[in-house]
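Asks: This is the structure I have questions about; it appears just below.
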């Protein structure tokens, strides 16, 4: 695995994120403020050629950035980073690592996520936004009974929905991530309520035949969200909801155009740092 780093102004970093998204091949891209007016981008990929292409694109498109890449040691770097993270609270949900679970009752719906090789711990603004979207439905007494989670990652969202009583289908394009998701389902003793598949999109027959979902999660990236807009809108039932995330606030207009064209109505927007989460409803 390789880590691409870039440091520069916020505008240059935002442009870099869009460039890397266009190139593809980066499994995780995030950025944060180092100091006033100075930001750092981190992007992970499996192939050195992808990292080299990324550096080349940034050199042409964002020449003011200080960018480089380096190989990562063959170790569980995600686990090491998650071990030091505190629990996350999102409404009535509390996400903890297996190393930090409580034995006493907290009054929260506890989701245990082992610090392993997958993304989606609730610490990221996109996962947090999706959980708060689910929390909003819960408070409106619109608890979903049948849920589809596209790009489940570590299965946080699938587990949260299952713990509210839903039957969930979870999909993941990466077989390694899907295996981690299944382990987290077992850890939460909720496996019987979730079926997981390795799948790209929602065209798999076992997913399509159960269309009419009360809720569809899609916490992925802008381009796949646009590409899947028709499929996702067809999968959700009348009166049902789609919660979209994995997009920067600057990418909202493109997403809103795509889903408005499918007849969906935007009912909620949550922003955290530079990330947006959009909740749509399908008219009855």
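The values are calculated or read from the model by the stated rules, or taken from the named source; none is laboratory data. Bear in mind the structure is a predicted one, so any value in this text is a computation, not a measurement. Here the Cβ is made from the backbone with ideal geometry for all residues, glycine too, and neighbour counts use every protein chain on show.
Asks: How many residues does region 146-169 contain that are in a strand (DSSP E or B) and either under 17 Å from residue 93 (Cβ atoms) or over 13 Å from the mean Cα position of the chain (by Cα) (or both)?
Replies: 7
Asks: Looking at 247, 225 in this structure, which one is within 22 Å of residue 175 (Cα to Cα), touching a residue at least 24 places away in the same chain (Cβ under 8 Å), touching a helix residue (DSSP H, G or I) at 6+ places or on another chain (Cβ under 8 Å) and surrounded by 20 or more Cβ atoms within 10 Å (Cβ to Cβ)?
Replies: Numbers: 247 fails: within 22 Å of residue 175 (Cα to Cα).
So the residue among 247, 225 that is within 22 Å of residue 175 (Cα to Cα), touching a residue at least 24 places away in the same chain (Cβ under 8 Å), touching a helix residue (DSSP H, G or I) at 6+ places or on another chain (Cβ under 8 Å) and surrounded by 20 or more Cβ atoms within 10 Å (Cβ to Cβ) is 225.
Asks: Have a look at 26, 2 and point out the one that is at pLDDT 85 or above, closer than 24 Å to residue 157 by Cβ and touching a helix residue (DSSP H, G or I) at 6+ places or on another chain (Cβ under 6 Å).
Replies: Working: 2 fails: closer than 24 Å to residue 157 by Cβ.
It is 26.
Asks: For residue 60, state whether it is modelled with pLDDT of 90 or more and within 18 Å of the chain's Cα centre (by Cα).
Replies: On the way: modelled with pLDDT of 90 or more: yes; within 18 Å of the chain's Cα centre (by Cα): no.
For residue 60, the condition - modelled with pLDDT of 90 or more and within 18 Å of the chain's Cα centre (by Cα) - is not met.
Asks: Next question, about the same structure. Of everything in region 184-237, what is within 21 Å of residue 259 (Cα to Cα) and in a strand (DSSP E or B)? Give them in sequence order.
Replies: 213, 214, 215, 216, 217, 218, 219, 236, 237
Asks: Additional query: Looking at region 29-51, which of the residues that are within 19 Å of residue 64 (Cα to Cα) and in a loop (DSSP other than H, G, I, E, B) is modelled with the highest pLDDT?
Replies: That would be 37.
Asks: Separate question: Identify, please: which residue in region 183-203 is out of contact with any helix residue (DSSP H, G or I) (no Cβ under 7 Å at 6 or more places or on another chain) and more than 27 Å from residue 234 (Cβ to Cβ) and is, among those, surrounded by the fewest Cβ atoms within 10 Å (Cβ to Cβ)?
Replies: Selected residue: 192.
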